[in-house]
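All remarks here apply to the structure that follows.
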């Protein structure tokens, strides 16, 4: 972390100090994670990360980067007292706490527009990138060319809806969230999570 922004590093260590105060045994069933000693093992888009007061690491025991650390830390620190009831999908703007204009703009630019810009006219490549990121087809009668579900975290799922361009309409897409996601992550972290997905899909496509 020697080249990390000092503000990021300060925030990172603050999160670690707060995680040290958490009763891990009390939250593991609510979050759907497992606890090993003083570590919480959290899957994020299918890859396991270890969160402990000493630090957050990936499967290679490396620091995974600030964005991933923030999402994982917020997930643990915001653990609700009990798993919320209800199901279904909602849009980002439907979350009660999503009133800050910046968050909505960020979601639009770094999630929706990033996916449309990267995959307009490349439906098959998007489907393959989704598969490599752990996405599974979601068959629910939705009128989209592509409908893929991702388990970002054990209690936080994303639904990517995408229509490719044709002779009459441009490409368009969005990401929905399971209704309970707001109980586990704040709106800013949810926007960051969907933007992470968009960036990862584009990165896979660029590599391929």
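The table below gives the values:
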read-out: Whichever residue in segment 129-142 is out of contact with any helix residue (DSSP H, G or I) (no Cβ under 8 Å at 6 or more places or on another chain) and surrounded by 15 or more Cβ atoms within 10 Å (Cβ to Cβ) and, among such residues, is farthest from residue 207 (Cα to Cα); value: 138
read-out: Contacts under 7 angstrom Cβ, first residue in segment 196-208 being modelled with pLDDT of 95 or more, partner surrounded by fewer than 17 Cβ atoms within 10 Å (Cβ to Cβ), 6 or more apart; value: 196/67
read-out: Residue that is nearest to the chain's Cα centre (by Cα) [pool: residues in segment 162-178 that are crowded, with 20+ Cβ neighbours inside 10 Å and over 14 Å from residue 118 (Cβ atoms)]; value: 177
read-out: Any hit, segment 145-166, residues being touching a helix residue (DSSP H, G or I) at 6+ places or on another chain (Cβ under 6 Å), touching a residue at least 40 places away in the same chain (Cβ under 8 Å), assigned to a helix (DSSP H, G or I) and more than 13 Å from residue 89 (Cβ to Cβ); value: no
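The values are calculated or read from the model by the stated rules, or taken from the named source; none is laboratory data. From a predicted model like this one, the values you see are computed outputs, not experimental measurements. Cβ coordinates were reconstructed from backbone atoms using ideal geometry, including for glycine residues, and neighbour counts include every protein chain displayed.
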